[in-house]
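First up is the structure itself, then whatever we jot down about it.
The values are calculated or read from the model by the stated rules, or taken from the named source; none is laboratory data. From a predicted model like this one, the values you see are computed outputs, not experimental measurements. Here Cβ is always computed from backbone atoms with ideal geometry, including for glycine, and neighbour counts include all displayed protein chains.
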Amino acid sequence: MKLQRAALTMLIVFLSFYLLYLGQALLLPLVIAGAVAYLINILAHTICRLRIGRVSLPRPIAMIVAIAVILASLSLVIQLITVNIASVIKVAPLYQQNLEGLIYKGYELFGVQEAPNIKEIFAQINLSSYLQNIGGTVRSLVSRTGIIILYLIFLLLEQRTFTAKMHGLVRDPDRLEEVLGLMEKIRSDIRSYIGIKVLTSAATALLSYAVLSFVGVDFASFWAVLIFFLNFIPTIGSIVATAFPSVLALVQFDTLGPFVITASVLTGLQFCIGSLLEPRLMGNRLNLSPIVILLSLGLWGSIWGIPGMFLCVPITVIMVIIFSYFPETRPAAILLSGTGELSVGPRRGDTAAKKQATLD
């Protein structure tokens, strides 16, 4: 019986992920809209907590301000990315020529008399075509902006009646308290994760911008914005965020000095902020195993691409919290956690046990 249940569970999980992959065109805009709506709520919550004396902004005004700030920021970021990718495509042949020269110098330095035909290799590895593909991906996301905004509007309107719907769905007061406690736990953990991640990513981006501007690397503001967003992708994001501007410094200048400075300083920043400061700020709030984060990154990246990589940690946190709430799935939550200890509110059955203990 247990074997059949395990096989049925694996089949359901497999079919669920397969349907998520097939429904990417429909579900991904909705998930992105949900993420943006969550960011708006976090910003509105922060604005409401700001006080000048004893005066604070009412919730509706805070929501309007938050919507305006988030949408304006996203618009500026998309415009910055598209414009800079077009600029990089224009100068890509020059960068490619400089890279060929560096490779020839490298062969001469190591005493290789007959270097392979670098031009034929670079004819197959065309930097401009790869950059155009990246630009096409960004334009594809921009083309879905209309449906994302439509979903966003309905999600923001729908959240006003969410609590009333929960009261209508769950009649038992104790059960309702458990469900609302679970929702609050999810909201609190994701809010902490996003808040700390925004703070550390912004610090990394600003310091990286200062370094790139000092060295003279092209498109320093673009790389700073890219570093900010890539830091939301666990492990791989910080590596890519360091590699891209470092490679550009390598092909932009004739000497290795700017490349060495850029690569070493950016790597040091990523290590100090990502490996030392961020864990101290985050503590055990997320309580996810590092190997689980990497597997989640690969899984959601294969299902939903780059957006899935950004969403993998929040999705995994939600799964762990929900799994820990139900006794049947609690072992899975323990396996996904980093320490094996789960800190979730009342689980199903706890309230009844407390009542029975009180009666006894």
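Figures for the structure shown
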| quantity | calculated |
| --- | --- |
| Test: residue in region 240-258 that is buried (at least 16 other Cβ atoms within 10 Å of the Cβ), hydroxyl-bearing (Ser, Thr, Tyr), closer than 24 Å to Ile306 by Cβ and at pLDDT below 85 | no |
| Tyr151 being modelled with pLDDT under 80 and surrounded by 14 or more Cβ atoms within 10 Å (Cβ to Cβ) | no |
| Positions within region 33-66 being assigned to a loop (DSSP other than H, G, I, E, B) and among the small types (Gly, Ala, Ser), in sequence order | Gly53, Ser56 |
| Among (1) of a type in the set (A, V, I, L, M); (2) within 24 Å of Val217 (Cα to Cα); (3) surrounded by fewer than 11 Cβ atoms within 10 Å (Cβ to Cβ) - the single one Leu11 does not satisfy | (2) |
| Test: residue in region 200-222 that is of a type in the set (S, T, N, Q) and over 28 Å from Thr316 (Cβ atoms) | yes |
| Those residues of region 14-68 which are modelled with pLDDT of 85 or more, small (Gly, Ala, Ser) and surrounded by fewer than 11 Cβ atoms within 10 Å (Cβ to Cβ), in sequence order | Ser16 |
| Residue, modelled with the lowest pLDDT, within region 333-353, restricted to residues that are within 27 Å of the chain's Cα centre (by Cα) and surrounded by 16 or more Cβ atoms within 10 Å (Cβ to Cβ) | Gly345 |
| The listed residue being within 24 Å of Lys90 (Cβ to Cβ), assigned to a helix (DSSP H, G or I) and either free of Cβ contacts under 8 Å to residues at least 24 places away in the same chain or among the aromatic types (Phe, Trp, Tyr) (or both), out of Ala263, Ala243, Ala210 | Ala243 |
| Region 69-110, residues that are modelled with pLDDT of 70 or more and among the hydroxyl-bearing types (Ser, Thr, Tyr) | Ser73, Ser75, Thr82, Ser87, Tyr95 |
